[in-house]
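One structure is given below, encoded as structure tokens.
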Amino acid sequence: MMNADIPGLLAALPEIVVLAMACVILLVDLYLPRHIRSVAYPLAQLTLVVAAVLTLVGADRSGYFFNRMFVADPLAVLLKLAIYALTFFVFAYSRDYLRERGLLRGEYFVLGLFGVVGMMVMVSASHFLPLYLGLELLSLSLYSMVAFQRDSGAATEAAMKYFILGAMSSGMLLYGMSMLYGATGSLEIAAVRQAITTMNPNDMVLVFGLVFIIVGTAFKLGLVPFHMWVPDVYQGAPTAVTVYIGTAPELAAFALVMRLLIGGLEGLSGSWQGMLTALAVLSMGLGNVIAIAQTNVKRMLAYSAISHMGFFLLGVLSASPAGYSGALFYVLTYAVMSLGSFGVVILLSRAGFESDQLEDFKGLNQRSPWHAFLMLVLMFSLAGVPPTAGFYAKLLVIQSVVGAGMVWLAVASVLFAVIGAYYYLRIVKLMYFDDPVDKATIAAGKDFRILLAVNALLLVGVMPWIGAVIDWCAAAVRALS
């Protein structure tokens, strides 16, 4: 019996290591004297590096394990490596921010690592049960992180809203899974996919289960009209938490969509294509239009995130392998852009001052030309201006809907992208053409500055290898078919 479990344990070794280290860091932080508790940061970073090495070593290990509840495939490897890298950058960006506010405690890194475990479980789930458990582990970690600054009324309010709406969405998702179980007799995603091929796609129970799953997933993605929590959480949470929420969990959300809708419910694509089309149009439209009216940068980036999730859906609703790989490339690119954007917000912040208003970016070029240039690259990429990775990400998903015969949707998405370019370019205008309001010296560690530069320049530096990255994404999603 033990020998039969060894391959599964080896496949899940990265998850086991991250979970064990999260528990170790929790105990270390509890028993060490306060003045040396900063050891939690290097331990957390070391954990991510070790997990990445283990994932790379086991990259050629594929198959189903633990009674077909856990799957190891190229998609899981790619997403896990991206999650480690993004979380590594998030922890590095957050350290000084937390220290200056007296928040540098082990709990931040412990909750972050527990969230990583939840994301890893979601990425490798081939069964409804671990998929839901991974989602809940991630969600509970995020609720706690939003309320991490306990003396902040805004953070507490945001956490409460997030928790209530998140609980509702989890209930809807679980109810949808239970209806699919009732209709197909299985919780295994591959078995559900097989059962659907022999059933009437208009079966009432199947369609109702699909509707609940779409609604629950839309809440998690922050799609209109289930987006109410996104701007409040982004604004109310400490920026060190906002940068975590806006990056790696987006990849876990992609995994949720791919495992559920593509891996299990692709046979019902005729039903979910229309639902996703409506959600995508509403998200791109409302997200971009409302973002124009925002004066708070974090809130603006929240509505930007809503619109980008709409663009990401374009690749999924095309119901084609090219669309799926385009959606994967899009969500990877967006996570890097979001990481850098919030990184600049953290860079400009200091003790007693949150650089989260548009006017705080005025005259940044006069204060620091290099960091103004990095923000310019990030804003251009978010707007989809060539020659940045953001342009090719938008191009791929728009091409996928054109290939699916939905030319009107491609035209609408281009128009919404033009609208969205306004509020990104507005920040560029403030940085280069306005006089600075805040003239304080930008103080940040050398490691922070180097990582931020790598983060931003990656969006341009990757261009010579863009074809190879897209091929990697295509190979990863091919495993689902």
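The values are calculated or read from the model by the stated rules, or taken from the named source; none is laboratory data. None of these values were measured; they are calculated from a predicted model. Note that each Cβ is placed from the backbone with ideal geometry, even for glycine, and that neighbours are counted across all protein chains shown. These accessible areas exclude ligands, DNA and RNA; they are computed on the full protein's heavy atoms, side chains included. Shrake-Rupley method; radii C 1.70, N 1.55, O 1.52, S 1.80 Å.
Just to be sure before I move on: is PHE163 open to solvent by 10 Å² or more (accessible area, probe 1.4 Å) and modelled with pLDDT of 95 or more in the structure I sent?
no
Any idea how many residues of the stretch 440-461 are open to solvent by less than 20 Å² (accessible area, probe 1.4 Å) and polar (S, T, N, Q)?
Residues flagged as open to solvent by less than 20 Å² (accessible area, probe 1.4 Å) and polar (S, T, N, Q) within the stretch 440-461 amount to 1.
What do you reckon, is LEU339 in a helix (DSSP H, G or I), surrounded by fewer than 24 Cβ atoms within 10 Å (Cβ to Cβ) and either under 14 Å from the mean Cα position of the chain (by Cα) or not basic (Lys, Arg) (or both)?
It is false that LEU339 is in a helix (DSSP H, G or I), surrounded by fewer than 24 Cβ atoms within 10 Å (Cβ to Cβ) and either under 14 Å from the mean Cα position of the chain (by Cα) or not basic (Lys, Arg) (or both).
Would you pick out the residues in the stretch 377-399 that are assigned to a loop (DSSP other than H, G, I, E, B), out of contact with any Leu (no Cβ under 7 Å at 6 or more places or on another chain) and crowded, with 22+ Cβ neighbours inside 10 Å?
GLY384
Which one of these is part of a helix (DSSP H, G or I) and within 20 Å of LEU256 (Cβ to Cβ): LEU347, LEU279?
Only one candidate qualifies: LEU279.
If MET177 passes every condition in (1) open to solvent by less than 30 Å² (accessible area, probe 1.4 Å); (2) in a helix (DSSP H, G or I); (3) under 30 Å from ALA11 (Cβ atoms); (4) at pLDDT below 90 but one, which one does it miss?
The single condition MET177 does not satisfy is (4).
Just give me the residues in the stretch 28-60 being modelled with pLDDT under 85 and open to solvent by 80 Å² or more (accessible area, probe 1.4 Å), in sequence order.
LEU30, TYR31, ARG34, HIS35, ASP60
Confirm whether PHE65 is of a type outside the set (D, E, K, R), closer than 30 Å to TYR330 by Cα, open to solvent by less than 60 Å² (accessible area, probe 1.4 Å) and touching a His at 6+ places or on another chain (Cβ under 9 Å).
It is false that PHE65 is of a type outside the set (D, E, K, R), closer than 30 Å to TYR330 by Cα, open to solvent by less than 60 Å² (accessible area, probe 1.4 Å) and touching a His at 6+ places or on another chain (Cβ under 9 Å).
Output the residues belonging to the stretch 307-322 that are surrounded by 24 or more Cβ atoms within 10 Å (Cβ to Cβ) and either farther than 19 Å from ALA476 by Cβ or touching a residue at least 60 places away in the same chain (Cβ under 8 Å) (or both).
Result: SER307, HIS308, MET309, GLY310, PHE311, PHE312, LEU313, LEU314, GLY315, LEU317, SER318.
Hey, any hits in the stretch 115-130 for a residue that's touching a residue at least 40 places away in the same chain (Cβ under 8 Å), β-branched (Val, Ile, Thr) and farther than 17 Å from ALA12 by Cα?
For the stretch 115-130, residues touching a residue at least 40 places away in the same chain (Cβ under 8 Å), β-branched (Val, Ile, Thr) and farther than 17 Å from ALA12 by Cα: absent.
Return the residue satisfying two criteria in turn: it lies in the stretch 68-98 and is closer than 16 Å to ALA479 by Cα and not hydrophobic (A, V, I, L, M, F, W, C), and of such residues it is surrounded by the most Cβ atoms within 10 Å (Cβ to Cβ).
LYS80
Considering only residues that are out of contact with any Ser or Thr (no Cβ under 9 Å at 6 or more places or on another chain) and not in a helix (DSSP H, G or I), look in the stretch 104-126 and name the one that is surrounded by the most Cβ atoms within 10 Å (Cβ to Cβ).
My answer is SER124.
Would you mind listing the helices (runs of 4 or more DSSP H) fully within the stretch 1-86 where at least 2 residues are touching a Ser or Thr at 6+ places or on another chain (Cβ under 8 Å)?
Those helices (runs of 4 or more DSSP H) span 13-31.
Does LEU223 meet the test of being among the aliphatic types (A, V, I, L, M), outside any helix (DSSP H, G or I) and within 22 Å of MET122 (Cα to Cα)?
Spelling it out, LEU223 is indeed among the aliphatic types (A, V, I, L, M), outside any helix (DSSP H, G or I) and within 22 Å of MET122 (Cα to Cα).
Do you know which residues across the stretch 262-272 are open to solvent by 10 Å² or more (accessible area, probe 1.4 Å), part of a helix (DSSP H, G or I) and closer than 18 Å to LEU480 by Cα?
GLU266, GLY267, SER269, listed by residue number.
Within the stretch 87-103, count every residue that is in a helix (DSSP H, G or I) and farther than 16 Å from GLY445 by Cβ.
So the answer is 1.
Kindly indicate whether any position in the stretch 273-291 is open to solvent by less than 10 Å² (accessible area, probe 1.4 Å), more than 24 Å from VAL90 (Cα to Cα) and modelled with pLDDT under 90.
no
Residues of the stretch 7-25 being modelled with pLDDT under 90 and of a type in the set (A, V, I, L, M), which ones?
LEU9, LEU10, ALA11, ALA12
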